[in-house]
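The structure appears below as structure tokens.
The values are calculated or read from the model by the stated rules, or taken from the named source; none is laboratory data. Worth saying up front: this structure is predicted, and the values here are computed from it rather than measured. All Cβ positions, glycine included, derive from the backbone under ideal geometry; neighbour counts span all protein chains shown.
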Amino acid sequence: MSILSALSYLLIACGLVFFTAGTVGLLRFPDVFSRLHALTKADNLGLGLLVFGAILRQGELTVMLKLVLIWLLVLFASATTCYLVAEAARRHPDVKEGRNDAA
Amino acid sequence: MMGQPYVLLAAYLLLTLMGGVLRAVWGPTRADRMQTAQLFGTGGSGVLILLGLAFEDTALFDIALVLALLSAVVVITFTRNMWSSGSGDEPS
């Protein structure tokens with residue numbers, strides 16, 4: 001096993017640890033906003049590590065750029081959707097559960 | 001098989017995504033359920049990238065790109081709908 005593929009597996013394993021942390025946070029955190037925090041931060045870092053692990057195994061520059069583009073798109077999209085979901089949850093709390101009483 | 005470790009890693013990632021389904025079941029608010037869709041957008045892209053490595057097929061990276069794009073559109077559409085239609089899963 002070359003050093004590049006070992007480094008690739010290491011980066012991907014680190015990424016999967018962050019994905020696991022994101023899912024655990026989504027299941028364990030107490031309210032909408034802290035769950036959003038766990039989901040949008042941890043998972044994006046996990047995907048970033050996974051993408052850089054994948055880049056190490058690619059030969060072509062265009063494929064590498066495409067993988068980076070996937071990560072940048074997910075970063076941009078999740079920053080936007082995190083704000084939108086948090087704003088929607090703040091404006092329209094589902095009061096019957098009494099969980100998110102920010103509004 | 002050269003790509004077999006990547007298939008196993010993809011299977012593990014898929015397993016953690018399945019854990020996210022519990023949040024969609026538990027709720028309690030619609031925003032909570034929608035977060036599972038966000039999780040599937042990010043994690044699904046990760047699964048497709050790992051499968052693209054396993055099968056050495058760069059077309060799967062294109063699918064990951066499209067999935068990331070569409071999951072963002074889904075969540076944005078959801079929040080627009082939620083703003084215009086009032087609160088709660090059911091009126092109660």
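Close contacts from segment A:1-19, counting a first residue that is under 15 Å from A:Gly59 (Cα atoms) and modelled with pLDDT of 90 or more and a second that is among the polar types (S, T, N, Q) and loosely packed, with under 13 Cβ neighbours inside 10 Å, with Cβ to Cβ under 8 Å and a gap of 6+ residues or different chains, come to none at all.
Of all the numbered requirements in (1) more than 7 Å from chain B (Cβ to nearest Cβ); (2) at pLDDT below 90; (3) over 21 Å from B:Leu13 (Cβ atoms), A:Val32 misses one, and that requirement is (1). Per this entry, A:Phe52 is counted among residues that are within 15 Å of B:Ser45 (Cα to Cα), more than 10 Å from every other protein chain (Cβ to nearest Cβ) and modelled with pLDDT of 90 or more.
On the stretch given as segment A:70-79, residues that are surrounded by fewer than 19 Cβ atoms within 10 Å (Cβ to Cβ) and facing another protein chain (nearest Cβ under 7 Å) total 1.
A:Gln58 fulfils the conditions (1) more than 7 Å from chain B (Cβ to nearest Cβ); (2) under 17 Å from A:Phe76 (Cα atoms) except for a single criterion, (2).
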